[in-house]
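The next block holds one structure in the form of structure tokens; read it before the comments.
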Amino acid sequence: MTALDILVVAEHRAAEVEPVTHQLVALARAVSPGARVSLLALQGPGAGVAAALTRAGAHRLLVCEHEALASYNPEAYCRTVEDVARRLSPDLLVCGHTFQGMEVGPWVAARLGRPLASNCVEVCVRDGRLAAERLVYGGAWQVGLSLALPAVVTLARRGAPAKQEAHEADIERVELPDLDGLATEVVDSIAPQMGEGDITRSDVVVGVGRGIRDPANLALIEELAHVLGGVVACSRPLVDLEWMPHERQVGASGREINARVYLACGISGAAQHLAGIGGVQTVIAINKDASAPIFGMSHVGVVGDLFEVVPALIAEARKRRGSLVSTHEG
Ligand code: FAD
């Protein structure tokens, strides 16, 4: 089979490139040896999105520039990606399994009559077909699919963002479809209230679950996050109880995190929660129940009472006058 032609759709918020873009390029390059990866950047006139992507690891960078593409407008994005995919006819179109990719991927697959595999954690070419492993039931199960090429996939965020490459991709301007008279207009864009930190971008995330018992006890977890230089996240019940804002929820109906370290305190590890931590490098769990499912996904497990373990961790971090995490890594 000739080298696979893969088209990856970049993501950005305002003009800032989303880390998932780099992960998608790295994953696309691994789909098949010798694959030729093109990265498609949609941006507003003069925005720096494309410039920030030249070293993302793609062989070429395709740029579509239009006012309607300055921020994510589902109709403008879907129509543009559809048009580019129709003309370039890649063997594989790759989107993130993100709010954007979950709209663009299925749209293009439907309009071009291509098979779609969504929420994939592994994708490779086997015997001229695409073999995909996808997450279902909130991440509790994995299903294997075999798709005819050309196809469309949305990829779950996994692993650390790929490093910048020394190689600089060639930039090509791409013709646009007619984006006049769009039925959808972006009237406002409201940034989530993240407080002191964004759980999707922090290196260290301290998660707290129902084991914390009382909202007054959250101060303990905030203190731990503070001494570790991280941010506090939570399981869904704490959001349902209105103890924490939704922006802090990790999981299938919350956010996916890609932290270097995730410290889960008093969290059982339900499948819907675990669906949000697949991209974490090191998971540390503190739970008084040795049979809690969180331990099945942890690299380090502490079976104990968080009200004893967390103060001891805070004291230790203070004693070392800094972050346990960076001290450990140094
Ligand atoms: P529990 O399951 O009650 O676990 C509490 C844990 O704390 C237990 O393991 C217990 O042993 C431990 N514990 C108690 N006291 C202590 C102590 N003193 N010291 C140490 N450990 C202690 N959940 C999410 O998190 N994110 C999602 O995005 C999400 N989406 C969902 C979507 C759907 C459609 C559905 C149906 C559910 C979803 N859920 C989600 C909920 C999920 O199924 C679980 O109910 C939830 O994750 C459990 O939260 P928890 O681990 O905090 O609570």
If we count every other residue with Cβ under 9 angstrom of Ser268's Cβ, Lys/Arg +1 and Asp/Glu -1, where does the sum land?
0
Rounded if a/c is under 1.5, else prolate if a/b beats b/c, else oblate: with a ≥ b ≥ c from the C-alpha gyration tensor eigenvalues square-rooted, which is region 83-131?
oblate
Packing-based exposure ordering (other Cβ within 10 Å, fewest first) of Cys124, Cys64
Cys124, Cys64
I need Asp178, Asp198, Asp170 ordered by Cβ neighbour count within 10 Å, fewest first.
Asp178, Asp170, Asp198
Using only Cα atoms, find the angle between the long axis of helix 74-88 and the longest principal axis of the chain, and express it within 0 to 90 degrees, rounded to the nearest 10.
50 degrees
Within region 235-269, whose backbone N sits under 18 Å from a point 7 Å along Cα→Cβ of Asp305?
265-267
222 nm mean residue ellipticity, helices alone, for the chain (DSSP H n ≥ 4; -39,500 (n - 2.57); rounded to 500)
-7000 deg cm²/dmol
Using only Cα atoms and rounding to the nearest 10 degrees, what angle (0 to 90) does helix 306-319 make with the longest principal axis of the chain?
80 degrees
Taking neighbour Cβ counts within 10 Å as the exposure measure, how do Ile190, Ile284 sort from fewest upward?
Ile190, Ile284
Where in region 1-100 are there chymotrypsin sites (Phe, Trp or Tyr not before Pro) that are in a DSSP coil and have at most 15 other Cβ atoms within 10 angstrom of their Cβ?
Phe99
For region 172-192, list residues with backbone N below 13 Å from a point placed 7 Å from the Cα of Glu67 toward its Cβ?
179-182, 186
Which value in Å is the Kirkwood Rh of the chain over different Cα pairs?
21.1 Å
In terms of modelled amide H atoms, which long-range or inter-chain residues lie less than 5 Å from the amide H of Arg36?
Leu4, Asp5, Ile6
Tell me, how many Å apart are the Cα centres for region 198-268 and for region 50-67?
34 Å
Tally the DSSP beta bridges in the chain and give the antiparallel ones as a percent, rounded to 5.
25 percent
Report relative contact order for region 216-314 in percent, whole number only (criteria: Cα-Cα under 8 Å, sequence separation at least 6).
22 percent
Rounding to the nearest 10 and keeping the result within 0 to 90°, find how far the Cα-based axis of helix 218-228 lies from the longest principal axis of the chain.
70 degrees
With label points set 7 Å from each Cα along the Cα-to-Cβ direction at Ala183 and Lys319, the distance between them in nm comes to 6.5 nm
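Quick note: the coordinates plus some simple rules give every number you see, no bench work behind them. Just so we're clear, the structure is a prediction, and the values are computed from it rather than from any experiment. When we count neighbours, we look across all protein chains shown, and the Cβ atoms used for this are built from the backbone with ideal geometry, even at glycine.
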